[in-house]
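The values are calculated or read from the model by the stated rules, or taken from the named source; none is laboratory data. All of these numbers come straight from a predicted model, not from anything done at the bench. Positions of Cβ are backbone-derived with ideal geometry, glycine not excepted, and every protein chain shown enters the neighbour counts. Surface accessibility is based on the protein's heavy atoms, side chains included, excluding ligands, DNA and RNA. Shrake-Rupley method; radii C 1.70, N 1.55, O 1.52, S 1.80 Å.
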Amino acid sequence: MEKILQRLTKLGDLIRLSIACKSWRSIVMRRDIRAAAPPLFPWLLLPPQSPNCSKKYLIFCAISEGRSTVDLKLPKRVRGGWIYGSSKGWLIIIKEKGINSKMFLLNPITRALHHLPSLRTIPFFKEFVKTRKWERLGAKEFCCHVALSTPEDINNSSRSFTVAAVFNDRKTLGLCRPGDKAWTVTQVLDDVNEKASGIGMDDSHRNSSSSLLYSHRNSSSLLFDILFSSGTLYALVSSQNKDGVVDSATRTLNVGFGHHAVELKLKLVYDKLENKNKIIDKQYRKRVIVSNATYNSILLESTSNEVLLIHQMLDYSLKTVIVHDGEDGEDDDDEGIDQDDNGDEANYEDYINNNDSDGDKYIENDDIDQEGNNMEAGNDENEDDITIDEDVPGFYPHLQTRSFRAYKINQDNDNFLMLQNLGDQILFCGNDGSFSLPFSPFKESEDNNTIYFARNSVWDCERAPETYTSREIGFFNLDKGRGLRFPTNRDISVRYQGSWFTPKL
């Protein structure tokens, strides 16, 4: 076996050997006898074959290896759990058992497993499990984002790293370390929308949390993402009061982990408000297609330890109902919007994309200037003919990626600068957990200046079908202004969280 290991120079081969049996894994894990292997291109976590959750195996797609699949057996302790994202080489798994739901961190290669505090130690979790959102979406709707402070190469048995989480109120942070008995809950933003959301902290719960860190009275500020970078926890905030700036003030949290108190630096990043320029630019088979209708916002750390803000620009399509009246020439076309369904998604994709031989579909970018503004706004002849009311009951369009925009922090004024080139790095964006890798190790097989994405994007999770077809997995090249979607040949659950994983031994 030792002689075989010394001849294997591909990390993928070593990993496949390690999962054959326990005795082989113990030998492969010995760095003193195996040959040095170059890094492996990240794997994509595929939707589970069971419509409910991950049962016995995790299934990954090795994009750079002809999209072959790799099956990794789950430890018994986490079988039946949902994968809710990844961070720093760990998968976040939640086994949903109502108030007794448990949360874990798993390295599926080494099978290292950390048990996090029970969700029942979050003050408002007990009330949340009684809601329709829990019944419909489970922990996906409660535990919105998770980030780890550990580097990827940390010793798998170490517990000296911090886990941060954003919960469904999007006002508070949860902090813990593996092995802790309870989460430490810190209120970051004002809870001005408690009554509207129906789920908030009462006075007793609020007193058990840390004091308010940032005040945004009379605004609807919400936490949308978190990221550990260079020893600081960055929190992405969507706010009516601030736009595209990093708060100059850094707060210090004194957090007690067991018998140890730790100082944690927290900095707010206010999301840049895009000029979405909603262009109703196409009508096809009784469908309306709206370009740059909305966007997802993502924080990630560059390979040079810079904090980047990524916007995934989204189009949407929906069916139209056209009423012809006005015999005297008045109100010739009174057009309304009917609810979208999944039956015509293929028609929409065939219309705006070009099919190639293996079933992939191209993504074409709009023309934008360096401020992120659409240069073609207002040029479409159909734009003034249709009015869309997104607040109408039953409004549910189909979302699809149009392009990506990348920004970095301007160190001179803490504003955001738009990036035209990512430099020597590739970005990977998921629903929860995004990261960068150096481009150099993959330059023979991959294009530089590329963003790989796997995101389950729906307009309204509560209205979405339990399962449906989604093609929001692929890549986008900033230089070329175009990308490619990968066919998954799988129905996905509304609970599925697109996740990339960097395999390491």
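Numbers below:
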item: Residue 82 accessible area, 1.4 Å probe, all protein chains in place, Å² to nearest 10; result: 30 Å²
item: Pairwise label distance in nanometres, residue 479 with residue 305, each label 7 Å out on the Cα-Cβ vector; result: 2.8 nm
item: Nonlocal amide H pairs with residue 470, under 5 Å, H built at 1.01 Å; result: 492
item: Cross-link pairs beyond the 32 Å C-alpha cut-off, checked among 88/272; 133/272; 102/265; 319/408; 97/265; result: 319/408; 97/265
item: Listed peptides 478-486, 84-92, 100-108, 436-444 by packing density, highest first (mean Cβ within 10 Å); result: 84-92, 100-108, 478-486, 436-444
item: Charge dipole (segment 421-462, unit charges on Cβ, about Cα centre) - positive-most of 461, 436, 423; result: 423
item: Cα→Cβ-extended label distance, 7 Å offset, between residue 466 and residue 392, nm; result: 3.0 nm
item: Where labels lie 7 Å past Cα in the beta-carbon direction, separation of residue 71 and residue 220 in nm; result: 4.6 nm
item: Efficiency of FRET between residue 275 and residue 79 - r from beta-carbon atoms, R0 51 angstrom, step 0.05; result: 0.60
item: For a label point 7 Å along the Cα-to-beta-carbon line of residue 490, residues of segment 84-108 with backbone N under 15 Å; result: 84-86
item: For segment 77-85, 3J(HN,Hα) per residue [Karplus equation, 6.51 cos²θ - 1.76 cosθ + 1.60, θ = phi - 60°, Hz, x = Gly/Pro]; result: 5, 10, 5, x, x, 9, 8, 10, x
item: Approximate shape of segment 53-156 as ellipsoid semi-axes (Cα gyration tensor, √5λ), whole Å, largest first; result: 26, 16, 13
